[in-house]
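Participant: One structure, pasted below without further comment.
What follows draws every value from the coordinates through simple rules; no lab data is involved. From a predicted model like this one, the values you see are computed outputs, not experimental measurements. Methodologically, a virtual Cβ is constructed for each residue, glycine included, from the backbone with ideal geometry; neighbour enumeration extends over all protein chains shown.
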Amino acid sequence: MQQNGSSGSNGSDGCGARERQALSFSPLPTATTRVRRFIQERQRTLPLPKVMVVFSAAGDADKPSDAISSSDPTEEGDGVRKPPASPSPKHPTPSKPLRSSLSTQEQQEFPEVISLNVGGTYFTTRLSTLRRYEDTMLAAMFSGRHYIPRDAEGRFFIDRDGAYFGDILNFLREGELPRQNRVRAVHREAQYYAIGPLLDSLEDIQPLTGEKVRQAFLDLLPYYKDNLERIVEIAKLRAMQKKARFAKLKVCVYKEEMPITPYERPLFNSLRFERSDSEAKLFEHHCEVDVTFGPWEAVADVYDLLHCIVSDLAERGIAAEQQCIGVCDKHLINHYYCKRPIYEFKITWW
């Protein structure tokens, strides 16, 4: 019984071992043969496949060549591929290039239609209108690079008088110029907003064109502005001293450099160049007046300068009247007298 049992168990163990051996090792040659046949058909030489689980960042998915080349056991010392280091979360590697932050900020911050509050006056315009000319303050303000405050209603606020901002917008929209009586004020606003094309257009029309010509004449008188200030200061001081509504002062306005007399006028041009420096000093003197304008060399005469003085005082809100009261009769030498015209200016303060 024991022998039969032993033999039976041995027989069963032998058969079981042979069956397990057949079950364990029979698939390997078959799989290997299939792989080798597949490789031969493809005419490629690849190592035996491995099953690996690789953790990589999302950006590494765009680099398949790295995963394939790293799977070769000859590249690693131990034949095992190490997972690539993930990029730092502070500096992510985007799979696609990002749009510039400037364009994104512009689209998010500024709508196509802009509501403005300019010094309490409301305007509505397109964003493209404000950006029509690149080298302007408005284009810079609405470029997205600067912060613009908003009022309680959400309008973009510009701390400037809005009385002439409509003229600015009309030019930006269709090149329309303001009326003549608004040209000077709009010109000041165009200077503030640095709108070069508008400045050029305004300076080519009246009254700014005439102002250029007038200023070219006044540049011949280096002390014109100083003398104008002196007229205002003297008139104000005298009015305060006398407690009067107006003040009077004498102003000398002459064009010729040398003093003349009526009978030498035809020879004046020749005489002025024949005199030596020592002789010319004999004619130097100061008329007994408050302010003196002159001399100058230009076609514009004394009456043109008087008009400039009265106009510039009126620009400052000062009412001035003038009239000729005679000439300077100071005797200089021989038969030469000054003969410069003297004008009385009347400044009214209220």
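Participant: Assigning unit charges at the beta carbon (Lys, Arg +1; Asp, Glu -1) and nothing else, what dipole magnitude in debye, to the nearest 20, does region 203-259 show about its Cα centre?
Facilitator: My answer is approximately 760 debye.
Participant: Further, regarding this structure: What are the extents of the Cα atoms of region 285-350 along their three principal axes, listed from largest to smallest and rounded to whole Å?
Facilitator: 46, 28, 16
Participant: Based on the Cβ-Cβ distance from residue 177 to residue 327, what FRET efficiency comes out when R0 is 35 Å, to the nearest 0.05?
Facilitator: Efficiency for this residue pair is about 0.15.
Participant: For each pair in 225/255; 236/330; 255/330; 242/346; 225/346; 212/248, compute the distance between the two Cα atoms and list the pairs where it is over 22 Å.
Facilitator: 236/330; 212/248
Participant: Cα atoms only, region 181-221: Rg and Dmax in Å?
Facilitator: Rg, Dmax (Cα atoms, Å): 11.1, 32.
Participant: Would you mind checking which residues have amide H under 5 Å from residue 343's amide H? H placed 1.01 Å from N; only 5 or more apart, or other chain.
Facilitator: Under 5 Å from the amide H of residue 343: 251, 252, 253, 325.
Participant: Calculate the radius of gyration of the Cα atoms of region 138-183 to one decimal place, then report Dmax, the largest Cα-Cα distance, as a whole number, both in Å.
Facilitator: 13.1, 36
Participant: Want the number for residue 244 to residue 205: 0.36 nm per residue separation, take away the alpha-carbon distance, what's left?
Facilitator: Separation in residues times 0.36 nm, less the Cα-Cα distance, equals 9.9 nm.
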